[in-house]
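Novice: One structure, as structure tokens, below. Some questions next.
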Amino acid sequence: MSRIGLGTSTWGASTDQDDAAQQLTQFVDAGGNLLDTADIYGRGRSEEIIGHLLGDVVPRSSIILATKAGAVAPRKRDASRGHLLQALDTSLRRLGTDYVDLWQLHGWDDSTPLDETMETLETAVTSGRARYAGVCNYSGWQLTKAAASSDSAPLVSCQMEYSLLERGIEREVVPAALDAGVSVLPWAPLGRGVLTGKYVSGIPDERAGSRFFNSYVRPHVDANATPSVMNTVLEVAGEMGESPLAVSLAWVRDRPAVGAALVGARTAQQLPESLAAETLELPEELRERLDEVSAPAMGYPEQILF
């Protein structure tokens, strides 16, 4: 599996099929193979676009195809057997394939017994409709509980937000993943775009008024730690002659438990810089500087204080 994966959350929304085809070609030509989508991206249009591109633009065999199910509304999940299996069959039809390589639960569902959910993953795997199963946005205890309940269809991945600006998963999720032998797939590895440095000089007026910007990006822009982290990223990038994007992506790519960092791009022009970062290696001294400035607060019980 490539160390950089391609996310497709904008496909079918702000990215049309022609641009998606260019991105997929660039990605495969650069040695990438993990393509990540979800049944809710573009209200299903992302999967439909991928279904049109596989075979016509790149061979299906060249792609590790991952999709998700279980998200039915903002902050609402349905991981019941009926919903998940119907969603999987719909995803396969859109994707134009008999199977996905990785089928992921989009989030934890308090209203469905875990045994029912994990037995559904087993059904998907044993029926051949999914090769492997994973989860997304689970807490440490949720991941541990799910991994312990999945003997017949072992979990192989946990997709989580992870970047120099969001290291909260290091408290519980990363230790749980390492213990269970589960790979972490970071989403938003560039701090929702903030770590590219494009907001260092200020926020453009057209973005400042955007609902998406204010709900999704601004929390990282306004975080107390962001100025010091961003300054260090810029310093390291300058010393290496690399971009802040490349430095930030290389850092998260090489963290413990990480299998592949997922990058996305609205246009094909934005993607090559992220793909080029796959070969960048950070010197240990510079990595330690980034570690120190972005370190999450740790205390009891993550660390024994007595």
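The values are calculated or read from the model by the stated rules, or taken from the named source; none is laboratory data. Nothing here was measured: the structure is a model prediction, and the numbers come from that model. In this analysis, Cβ positions are derived from the backbone assuming ideal geometry, glycine residues included, and neighbour counts consider all displayed protein chains.
Novice: Limited to region 94-114, what total is found for residues that are of a type outside the set (A, V, I, L, M, F, W, C) and touching a residue at least 40 places away in the same chain (Cβ under 8 Å)? Explain how you work it out, then say what you get.
Specialist: Kept after step one, since they are of a type outside the set (A, V, I, L, M, F, W, C), are these residues of region 94-114: 94, 96-99, 101, 104, 106-107, 109-113.
From what is left, the residues that are touching a residue at least 40 places away in the same chain (Cβ under 8 Å) are 94, 96-97, 104, 106.
Residues meeting the conditions: 5.
Novice: OK, next. Sort out which residues of region 63-84 are at pLDDT 95 or above, under 22 Å from the mean Cα position of the chain (by Cα) and loosely packed, with under 14 Cβ neighbours inside 10 Å, and write them in order of number. Give the derivation first.
Specialist: Taking region 63-84 as the starting set, the residues that turn out to be at pLDDT 95 or above are 63-71, 77-84.
So of that shortlist, the ones also under 22 Å from the mean Cα position of the chain (by Cα) come out as 63-71, 77-79, 84.
Matches in region 63-84: none.
Novice: Restricted to region 149-165, and to residues that are surrounded by fewer than 18 Cβ atoms within 10 Å (Cβ to Cβ) and polar (S, T, N, Q), which residue is nearest to Thr117 (Cα to Cα)?
Specialist: Ser149
Novice: Right, another one. Kindly evaluate Leu92 against the criterion of being under 22 Å from Leu155 (Cβ atoms), buried (at least 19 other Cβ atoms within 10 Å of the Cβ) and either aromatic (Phe, Trp, Tyr) or modelled with pLDDT of 95 or more (or both). Talk me through it step by step, then tell me what you get.
Specialist: Working: under 22 Å from Leu155 (Cβ atoms): yes; buried (at least 19 other Cβ atoms within 10 Å of the Cβ): yes; either aromatic (Phe, Trp, Tyr) or modelled with pLDDT of 95 or more (or both): yes.
Yes; evaluated as a whole, the condition is true for this residue.
Novice: I need every pair where a residue in region 16-29 that is under 15 Å from Gly51 (Cα atoms) has its Cβ under 7 Å from the Cβ of a residue that is part of a helix (DSSP H, G or I) and of a type in the set (Val, Ile, Thr), sequence separation at least 6 or different chains.
Specialist: Qualifying pairs under 7 Å: Gln17/Ile49; Ala20/Ile49.
Novice: Still on this model: Restricting the search to region 17-29, which residues are crowded, with 17+ Cβ neighbours inside 10 Å and either modelled with pLDDT under 95 or β-branched (Val, Ile, Thr) (or both)?
Specialist: The answer is Val28, and nothing else.
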